[in-house]
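Beneath this line is the structure, given in structure tokens, with notes to follow.
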Amino acid sequence: MEVVERVLSESRQAARRSGERRSLCIITGKGLHSAGGKAKIRPGVKRYLNELGMRYRESPGLFVVDVAP
């Protein structure tokens, strides 16, 4: 999660500096290789994005985050 937090923070700062909206893809995978085939990273990323109030679209294995200035 540290990497997600850092990259998202850097993307938000860059969007503010440029005044342009950006998209950030966060690849979490589907969890197919996790024990029981259940995702472990994805729920944490989703919870974090919701806590920040970020807008995003979900696709299997990834989030596309709308990073606004």
Looking at (1) open to solvent by less than 60 Å² (accessible area, probe 1.4 Å); (2) of a type in the set (D, E, K, R); (3) modelled with pLDDT of 95 or more, which is the only condition Arg55 fails? (1)
Output yes when any residue across the range 18-25 is open to solvent by 80 Å² or more (accessible area, probe 1.4 Å), of a type in the set (Gly, Ala, Ser) and under 11 Å from the mean Cα position of the chain (by Cα), and no when none is. yes
Tell me which residues, restricted to the range 31-42, are open to solvent by less than 60 Å² (accessible area, probe 1.4 Å) and either under 22 Å from Glu20 (Cα atoms) or of a type outside the set (Ser, Thr, Tyr) (or both). Gly31, Gly37, Ala39, Arg42
I need a count of the residues in the range 1-17 that are of a type in the set (Asp, Glu) and open to solvent by less than 90 Å² (accessible area, probe 1.4 Å). 1
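The values are calculated or read from the model by the stated rules, or taken from the named source; none is laboratory data. This is a predicted model, so every value here is computed, not measured. We work out accessible area using only protein heavy atoms, side chains counted, and drop any ligands, DNA or RNA first. Shrake-Rupley method; radii C 1.70, N 1.55, O 1.52, S 1.80 Å.
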